[in-house]
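> Let me begin by handing over the structure; questions about it come next.
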Amino acid sequence: MLRNTLNGWGAVSIALHWTIAALILFEFGLGWVAAEWPLSPAKLDLMVWHKSFGILALALVLLRLLWRLANVIPRLPATTPRWQQRAAHGSHLLLYLLQLAVPLSGWVINSAANFPFQVFWWFRLPAIAPPGDTLSHLAKLGHLYLFWALAAVLLLHIAAALDHHVRARDEVLIQMLPLLRRTP
């Protein structure tokens, strides 16, 4: 089943969820390695890979948002307290905002540095900000803080999914696992 139902996530939502999750985890590591690598041609290549996968993540998050708007959102179990339902909606909104803000701030860094950038060496991205050292510095700080905020919200998201599975013993986590889920 490709589309979501009120009882569960469809295959497209699940595929986008796990692809973006893997990409974010990969980007965390790649960004860290690229930042720590000594200045060299290898570092420049690592940065191109990091930026390229960041733009890919941005595109997939936008696609996921469009898919989410075109589909129903599965209901949380009836036993989920109201405050948890509100927290779930708020944290999902925050996750989407951060998944957009992190790569956009990276794009601003690149634009403010006035450094031409080709995604995977295939096509050039236009600048989305004017060149400037102050903006570049602020964007770098913002990118770092947004990264840590995304990491914190992702940990909260994972903890909540595990809580649903272990403590509440409901289907919330199972519905997002492609090999274990029941057909909605």
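The values are calculated or read from the model by the stated rules, or taken from the named source; none is laboratory data. These numbers come from a predicted model, not from an experiment. Accessible surface is based on the protein model in full, side chains and every heavy atom, while ligands, DNA and RNA are left aside. Shrake-Rupley method; radii C 1.70, N 1.55, O 1.52, S 1.80 Å.
> With a/c under 1.5 counting as rounded, go ahead and sort the range 55-184 into rounded, prolate or oblate using the C-alpha gyration tensor (a ≥ b ≥ c being the square roots of the eigenvalues; past the cut-off, prolate if a/b is larger than b/c, else oblate).
The shape class here is prolate.
> Now a separate question. Scan around T5 for amide H atoms under 5 Å from its own, H built in the peptide plane at 1.01 Å from N, and keep only partners 5 or more places away or cross-chain.
Under 5 Å from the amide H of T5: G10.
> Name the most mobile residue of V108, V166, V12, meaning the one with the largest mean-square fluctuation, in a Gaussian network model of the chain with Cα contacts below 10 Å.
V166
> Per residue, how large is the accessible surface of the range 37-140? Use a 1.4 angstrom probe and give square angstrom.
Result: 62 Å² per residue.
> Also, quick follow-up: If you roll a 1.4 angstrom probe over the protein chains with everything in place, what fraction of the accessible area of the chain belongs to carbon and sulfur, to the nearest %?
73
> From the phi of every residue in the range 8-17, what ³J(HN,Hα) in whole Hz does the Karplus formula 6.51 cos²θ - 1.76 cosθ + 1.60 yield, where θ is phi - 60° and glycine or proline is x?
Those phi angles translate into x, 7, x, 4, 5, 4, 5, 4, 5, 4 Hz.
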